[in-house]
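Take a look at the structure set out below.
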Amino acid sequence: MDSKNGISQEQQLRLKLNPRQMRLGRLLEMSGPEFDEEVRRNLDENPALESLDTAGADIPRDDAGDPFTETSDDLLRADYATDDDVPTYRTRDTQAFTADFFTPEIADQLPEADDSLLAQLEDRHLDELDHEIALQIIGNLDSNGYLRRTPWRIARDMSIEKGIRIETPRVDRVLETVQTFDPAGIAATDLRECLAIQLERMPHTRIVELAIDMVLEYFVLFSNKRYERLGVLLRASKDEIRKAVALIRSLNPKPGAVLATSAIDDHAAYITPDFIVDSDSDGPTAISLAGAAHRLGIDPAFDVDLRSSSDGAAAFIRSRRDEAADFIDLAETRRRTLLSIITAIVRRQAAFFTTYERAAIRPMVLRDVAADTGFDQSVISRATTGKYILTPRGIFPVKMLFSEGIAAGYDGEQVSSHAVAEELRKLIAGEDPEAPLTDEQLTAELMTRGYNIARRTIAKYRERLGFPVARLRKK
């Protein structure tokens, strides 16, 4: 160190990924459909890359022998599944800017709104502004039918959009109108309001009145099943409390589930498997990658000798050919890596692929698969996150097969968290509903079955399984 100038030297060890490793990592993270899209993108952008699956395919011709007869309208509609999917702005004459070109249409504004709600709205004969407020409310309902935007925000947004002042009380009044629509409970702001709306529509008998008071005034006590306390506060008998609780439980907490209010949720419900595992009573029999097996190659026009050329065209051909060759190699490396990893996982979890019971899953973490395959743990993580396996018994997430080992046996034997969870699930499913097992009792029961696990661990797994404490499970 130079004390006069304040200059010093130090040695550091840093690990940097080269661009190719980073690109391979991104490809491993992709699901099957995402990788298919990446292949299509590279085929479109790089003329040196070709698909050997389609190379040399005959051009479709009609009876007259013309290879291309589509009109401009045919080409426009080819981008959409049906004519109804073609947006209105694509079918208008873009050269004639008529006055109605910018006229908003309800169907375009609210493509996810259920037709029944819009039909009920038309029957109310609201004035123009209230009608638009109602459309905003309907458009902000989630898949369960709850309003996820406050009336204040709706009023603010519409005030900015229209350049006029819209008061929150006006939005509140329109919201009350929408809440009278069917199904009962639609457009509620929370669960308590949803239940109260449904109860208010019923004839107000003694039991209905008790249920309304439970929901509006004592919802916390009701949620925590403090029925004796509710009986005292409401001055009701045990039988009346029981009937009121049964009435509340009969209500629909998700009234919007019967409506097509969320196209996004509908799309999210589909899962595309990345791997296929066939099995029989003896275990897994075949392992493969799902989806298309892309056969890629270099276009013959780019596969030329350029050693004696140095002009710009040669440089272009060389760069495109190198990029294509690099992507082909990356795609093949991705295929081999994924297949190697899923094979190692299936071999370790062969018992699960024989019985398909969660209790059969062995303890397995990333470093175990890394040891079997020779890949780094980060590679294993990238290759398994968000991916699914198709089996004869259904589709399972790959991550489900990973679990930390727990020293549950008296001899220190390791068992998977799935095995402990399955035993815990069976105990709770078979308990007396009038006297459910406490965490201490569950711990004692598991000890008799050879699982020497601490009570706090049992409580953690109980919560992970979605079971409340014993008091809240009591019926």
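Per-structure values
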| read-out | value |
| --- | --- |
| Qualifying position, being touching a residue at least 40 places away in the same chain (Cβ under 8 Å), on the phi > 0 side of the Ramachandran plot and of a type outside the set (Phe, Trp, Tyr), among Gly374, Gly394, Gly386 | Gly386 |
| Selection count where residues are surrounded by 15 or more Cβ atoms within 10 Å (Cβ to Cβ) and of a type outside the set (S, T, N, Q), scope segment 442-454 | 5 |
| Residue tally, condition in a helix (DSSP H, G or I) and among the polar types (S, T, N, Q), over segment 186-211 | 1 |
| Filtered residues of segment 132-155 (kept if more than 21 Å from Pro253 (Cα to Cα) and buried (at least 16 other Cβ atoms within 10 Å of the Cβ)) | Glu132, Ile133, Ala134, Leu135, Gln136, Pro151, Ile154, Ala155 |
| Filtered residues of segment 167-183 (kept if surrounded by fewer than 19 Cβ atoms within 10 Å (Cβ to Cβ), part of a loop (DSSP other than H, G, I, E, B) and either out of contact with any Pro (no Cβ under 9 Å at 6 or more places or on another chain) or not charged (D, E, K, R) (or both)) | Glu167, Thr180, Pro183 |
| Residue under evaluation Leu216, criteria (1) aliphatic (A, V, I, L, M); (2) within 30 Å of Asp115 (Cβ to Cβ); (3) under 35 Å from the mean Cα position of the chain (by Cα), criterion not met | (2) |
| Test result for Gly466, part of a loop (DSSP other than H, G, I, E, B), surrounded by fewer than 17 Cβ atoms within 10 Å (Cβ to Cβ) and in contact (Cβ under 8 Å) with a residue 40 or more places away in the chain | no |
| Those residues of segment 29-50 which are assigned to a helix (DSSP H, G or I), surrounded by 15 or more Cβ atoms within 10 Å (Cβ to Cβ) and not charged (D, E, K, R), in sequence order | Gly32, Phe35, Val39, Asn42, Leu43 |
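No lab work stands behind these numbers, since they all come straight from the coordinates. This structure is a prediction, so every number in the text was calculated from the model and none was measured. Because the Cβ atoms are built from the backbone with ideal geometry, glycine has one as well, and the counts that use them run over all protein chains shown.
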